[in-house]
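Step one of this worksheet: look at the structure below.
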Amino acid sequence: MLNNKTVLITGASSGIGLACAHSFAKQGAKLILCARSYDKLVTIASELKSHYNVLIHILELDVTQATAVKESLTTLSSPFQKIDILINNAGLAQGLDKIYEANIQDWEKMIDTNIKGLLYVSRIVIENMVKHNSGHIINMGSLSSHQVYSGGTVYCATKFAVKALTRGMQMDVQGTPIKISEVDPGMVNTNFSLTRFKGDKNAADAIYENKHPLTAEDIAETVLFCATRPAHVNIAEIIILSLDGTPLK
Ligand SMILES: NC(=O)c1ccc[n+]([C@@H]2O[C@H](COP(=O)([O-])OP(=O)(O)OC[C@H]3O[C@@H](n4cnc5c(N)ncnc54)[C@H](OP(=O)(O)O)[C@@H]3O)[C@@H](O)[C@H]2O)c1
């Protein structure tokens, strides 16, 4: 049980983050749910409260905005001030274009969200974890943290960066009880492809056609597993693939 733990989940309005919100609420954790979609978070918070009777704080926040991230994470009200577990999950892909055809704004959005956003949130949270000498950060990487595919070069580069950040964080907290983990899923059926193709449902559905992708719940279970190991065990990195998805090369 995670009764007295406060868990900050970025990207909690959809997909893997939303599934994590359910898994952690079921374990009795207090949740800080972060995303840009305030209305979705309000609905999710009300469902979680009625199902699991847990405390929820809604954080309408764009992780790419460094000042807003600092302001909101340093002014949390008392039951939520000490973050025990941070799930750095907010992220996206934009476009599936070859590097010589891609749109620079798409690159910037991926880099700003997947790398800089993760850094802005981590900077505040990890400093407090070091002060309290406890805590756990779980970064959402990807199979794309390990290998590149055509059209996904910049998305993959951002996830390779997440891998570097995970490894660096692990080194920086070495000798403390703070844990840093990375969860690296293959294909998961969420809104990820709809976002990548900017609302083109046919293009998004084609990605999952004749496949049996992972579910957001598969990943949430793994995140929960990482978060509930004994104090001396740190899951440094875990790769989860669907059986008929892209294999590890
Ligand atoms: N689906 C896959 O196949 C797959 C595979 C490997 C890894 N991943 C990774 O898993 C993570 C979650 O993706 P998902 O598959 O669950 O996709 P999703 O359903 O599209 O969820 C993405 C979440 O990120 C949030 N988000 C995006 N930009 C944000 C920003 N600037 N500030 C705050 N929140 C932001 C979205 O909320 P708002 O739009 O409300 O802000 C949403 O809650 C991502 O890091 C992704 O790279 C996904």
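We did not get these values from a lab; they are worked out from the coordinates using the rules stated. Just so we're clear, the structure is a prediction, and the values are computed from it rather than from any experiment. In this analysis, Cβ positions are derived from the backbone assuming ideal geometry, glycine residues included, and neighbour counts consider all displayed protein chains.
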| Segment SER150-SER46, length gained on full extension (0.36 nm per residue, minus Cα span) | 33.3 nm
| request: Tell me the label-point distance for the pair THR228, ASN3, using the 7 Å Cα-to-Cβ offset, in nm and rounded to one decimal. | output: 1.5 nm
| Expressed as a whole number of Å, what is the distance separating the alpha-carbon centroids of the range 84-114 and the range 156-197? | 13 Å
| field | Top of VAL188, VAL63, VAL233 by mean-square fluctuation, Gaussian network on the chain, Cα under 10 Å | value | VAL233
| Eligible aspartates and glutamates near LYS98 by straight Cα distance, threshold 17 Å, same-chain separation 8 or greater | ASP106, GLU108
| message | Can you compute the label reach from ASP205? Point 7 Å from Cα along the Cβ direction, backbone N cut-off under 20 Å, restricted to the range 3-30. | response | 15
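Test of understanding: given the chain, find the longest segment containing no chymotrypsin sites (Phe, Trp or Tyr not before Pro) that are in a DSSP loop and have at most 15 other Cβ atoms within 10 Å. The partial results should precede the final answer.
Values: sites that count: TYR100, TYR149.
Counting only loop sites that pass the neighbour cut-off, the longest clear stretch is 150-249.
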| query | Separation between the GLU71 and ILE240 pseudo-spin-labels, each 7 Å from Cα along Cα→Cβ, expressed in nm? | reply | 3.5 nm
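Once you order the gyration tensor axes a ≥ b ≥ c over the Cα atoms, which shape class does the range 1-96 get: rounded for a/c under 1.5, otherwise prolate or oblate by comparing a/b with b/c?
Working: a/c = 1.72, a/b = 1.24, b/c = 1.39.
Taking the square roots of the gyration eigenvalues as a ≥ b ≥ c, the range 1-96 is oblate.
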| task | Output the Cα-based Rg and Dmax of the chain in Å, rounding Rg to one decimal and Dmax to a whole number. | result | 17.2, 51
| Along the charge dipole of the chain, which of ALA227, LEU214, MET140 sits closest to the positive end, that is, farthest toward it, with unit charges on the beta carbon of Lys, Arg, Asp and Glu (+1, +1, -1, -1)? | ALA227
